[in-house]
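**Q** Just passing along the structure, written as structure tokens.
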Amino acid sequence: RFLTYVPLPIVSSGINAEYGVVGKGGSVKKDLERESGTTIDVPRRNQKEANYIRVMYKSEDALTSLQLRMDGLLSSARRREAPTHFVCIPIRSEEISANLKRFRDKCELDPHIVQIESKLHLTIGVLKCFSQDEVKKASEVLTSFASKIAYLKRGKPLRAEMRGLEIMNDDPSAANVLYAEVHLSDESTRLQELADACLEAFVDAGLMSYEQNRNCRDVKLHCTLVNTRWKQQMPRQTLDVREMLREDWEVKSFGKCVLERLDLNEMTTDRNKCYVTVTSIPLV
């Protein structure tokens, strides 16, 4: 018998509630062992090799069979799982923060559905990383993309303005998401080209898909300000924003900023209500 280690999936459901290969009552693990003729040892969280499963196998065919079955389980789970990470450009500006607060107060919006100033960002794309190896690969893709920044910026800083107020759906009487568009102050296409190139780099690496981006190669340059999903209540709240969209709001232009970096973040936040950043590259 031979011994090897296989990267451990880190999904929350679908394959397994804890690690990805055990299943309820060990059912998935037992099926994998029976179908592949292998013996699987799933480590505990505090073990040294916690990111890998220990596999005993009699032949290369048995190991290949196990890997194919695990790939099938992972592929199925990816479709059901929520994204674990995302790539974004943070938006930081005292002017924008102040105007967001004015907007929230003037519209009398529930603070639970309004974005926190420290989390304002322009999303490039989302990822589903099921192992530490995939997180590492995503970091490497972003780091490699740094070599293209100077060319895409054309030697000028990315001075941007956040303006306008739009909804994601077609019915302003029952809106779920409100967002502002992000434009460069010089009205050039540099930001769009940079965002699209970054998305393409992750798609080419197999970590993102255009399907997740509205089946489109162009990144939607926007910053979400309000999302009723953030309140986490059922049934989901909707907003009647017809008057809000008709009125000439003083904060229709939320302000200007310099876009300073590209981040790979976890979907989770820390105790300061900021996203947990895995990797970051400068844009300045």
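The values are calculated or read from the model by the stated rules, or taken from the named source; none is laboratory data. Keep in mind the model is a prediction, meaning the values are calculated, not measured. A quick note on method: Cβ atoms are made from the backbone with ideal geometry, for glycine too, and the neighbour counts reach across all protein chains shown. Quick note on the areas: whole protein, heavy atoms, side chains included, nothing else; ligands and nucleic acids left out. Shrake-Rupley method; radii C 1.70, N 1.55, O 1.52, S 1.80 Å.
**Q** Filtering region 177-193 down to residues that are touching a residue at least 60 places away in the same chain (Cβ under 8 Å) and within 25 Å of Gly155 (Cα to Cα), which residue is surrounded by the fewest Cβ atoms within 10 Å (Cβ to Cβ)?
**A** So the first thing to find is which residues in region 177-193 are touching a residue at least 60 places away in the same chain (Cβ under 8 Å), and the list is 178, 180, 182, 185, 191.
Those still in the list that are within 25 Å of Gly155 (Cα to Cα) too: 182, 185, 191.
Values: Val182: 25, Ser185: 13, Leu191: 23.
Here the answer is Ser185.
**Q** Could you please give the count of residues in region 88-119 that are among the β-branched types (Val, Ile, Thr), open to solvent by less than 40 Å² (accessible area, probe 1.4 Å) and closer than 29 Å to Ser209 by Cβ?
**A** Restricting attention to region 88-119, the residues satisfying the condition of being among the β-branched types (Val, Ile, Thr) are 89, 91, 96, 113-114, 116.
Going one step further and asking which of them are open to solvent by less than 40 Å² (accessible area, probe 1.4 Å), we end up with 89, 91, 96, 113-114.
Right, trim to closer than 29 Å to Ser209 by Cβ and you get 89, 91, 113.
Counting residues in region 88-119 that are among the β-branched types (Val, Ile, Thr), open to solvent by less than 40 Å² (accessible area, probe 1.4 Å) and closer than 29 Å to Ser209 by Cβ gives 3.
**Q** Take the residues in region 45-73 that are at pLDDT 85 or above and either in a loop (DSSP other than H, G, I, E, B) or closer than 24 Å to Leu142 by Cβ (or both), then tell me which one is least open to solvent (accessible area, probe 1.4 Å).
**A** That would be Ser59.
**Q** Taking the condition of being at pLDDT 90 or above, farther than 13 Å from Val6 by Cα and part of a loop (DSSP other than H, G, I, E, B), how many residues in region 31-44 meet it?
**A** So the count comes out to 1.
**Q** Continuing with this model, one more query. For residues in region 204-219 being out of contact with any Cys (no Cβ under 7 Å at 6 or more places or on another chain) and free of Cβ contacts under 8 Å to residues at least 24 places away in the same chain, which is surrounded by the most Cβ atoms within 10 Å (Cβ to Cβ)?
**A** Initial filter on region 204-219 (out of contact with any Cys (no Cβ under 7 Å at 6 or more places or on another chain)): 204-209, 211-219.
This time we only want the ones that are free of Cβ contacts under 8 Å to residues at least 24 places away in the same chain, so: 204, 206, 209, 211, 214-217.
Details: Asp204: 10, Gly206: 10, Ser209: 16, Glu211: 9, Arg214: 10, Asn215: 8, Cys216: 11, Arg217: 11.
Of everything passing the filter in region 204-219, Ser209 is surrounded by the most Cβ atoms within 10 Å (Cβ to Cβ).
**Q** Also, quick follow-up: Restricting the search to region 197-209, which residues are at pLDDT 95 or above and out of contact with any strand residue (DSSP E or B) (no Cβ under 9 Å at 6 or more places or on another chain)?
**A** Matches in region 197-209: Ala197, Glu200, Ala201, Asp204, Ala205.
**Q** Further, regarding this structure: Restricting to region 72-97, count the residues that are over 30 Å from Leu262 (Cβ atoms) and not aliphatic (A, V, I, L, M). Give the derivation first.
**A** Residues of region 72-97 over 30 Å from Leu262 (Cβ atoms): 72-73, 76.
Next cut, not aliphatic (A, V, I, L, M) only: 72, 76.
Number of matching residues: 2.
**Q** In region 205-259, how many are assigned to a helix (DSSP H, G or I) and not acidic (Asp, Glu)? I'd like the intermediate steps shown before the answer.
**A** From region 205-259, those assigned to a helix (DSSP H, G or I) are 210-213, 228-231, 242-246; that's our starting set.
Pick out the ones that are also not acidic (Asp, Glu) and you get 210, 212-213, 228-231, 242, 244-246.
Selection size over region 205-259: 11.
**Q** Pairs needed: first member in region 107-121, aliphatic (A, V, I, L, M); second member anywhere, open to solvent by 30 Å² or more (accessible area, probe 1.4 Å) and modelled with pLDDT under 95; C-beta distance under 7 Å; at least 6 residues apart or different chains.
**A** If the second residue must be open to solvent by 30 Å² or more (accessible area, probe 1.4 Å) and modelled with pLDDT under 95, the pairs left are Ile113/Trp230; Ile113/Lys231; Val114/Arg104; Ile116/Lys273.
**Q** Residue by residue through region 74-87, note down the ones that are open to solvent by 60 Å² or more (accessible area, probe 1.4 Å), outside any loop (DSSP other than H, G, I, E, B) and touching a residue at least 40 places away in the same chain (Cβ under 8 Å). Working first, answer last.
**A** Step one: list which residues in region 74-87 are open to solvent by 60 Å² or more (accessible area, probe 1.4 Å), which gives 78-80, 82.
With the extra rule that they be outside any loop (DSSP other than H, G, I, E, B), the set shrinks to 78-80.
Once the filter is applied, which keeps residues that are open to solvent by 60 Å² or more (accessible area, probe 1.4 Å), outside any loop (DSSP other than H, G, I, E, B) and touching a residue at least 40 places away in the same chain (Cβ under 8 Å), region 74-87 yields Arg78, Arg80.
**Q** How many residues, within region 263-277, are in a strand (DSSP E or B), in contact (Cβ under 8 Å) with a residue 24 or more places away in the chain, of a type in the set (A, V, I, L, M, F, W, C) and surrounded by fewer than 17 Cβ atoms within 10 Å (Cβ to Cβ)?
**A** Taking region 263-277 and keeping what is in a strand (DSSP E or B), we get 263-269, 275-277.
Filter again for in contact (Cβ under 8 Å) with a residue 24 or more places away in the chain, leaving 263-267, 269, 275.
Next cut, of a type in the set (A, V, I, L, M, F, W, C) only: 264, 267.
After this cut, where a residue has to be surrounded by fewer than 17 Cβ atoms within 10 Å (Cβ to Cβ) as well, the list is 267.
Total satisfying the criteria: 1.
**Q** Within region 229-239, how many residues are open to solvent by less than 90 Å² (accessible area, probe 1.4 Å) and modelled with pLDDT of 85 or more?
**A** Within region 229-239, the first condition is being open to solvent by less than 90 Å² (accessible area, probe 1.4 Å), and the residues that meet it are 230-231, 233, 237-239.
Narrowing the set further to residues that are modelled with pLDDT of 85 or more leaves 230-231, 237-239.
The number of residues fulfilling the criteria is 5.
**Q** Within region 122-149, how many residues are small (Gly, Ala, Ser) and within 15 Å of Thr84 (Cβ to Cβ)?
**A** Here the count works out to 4.
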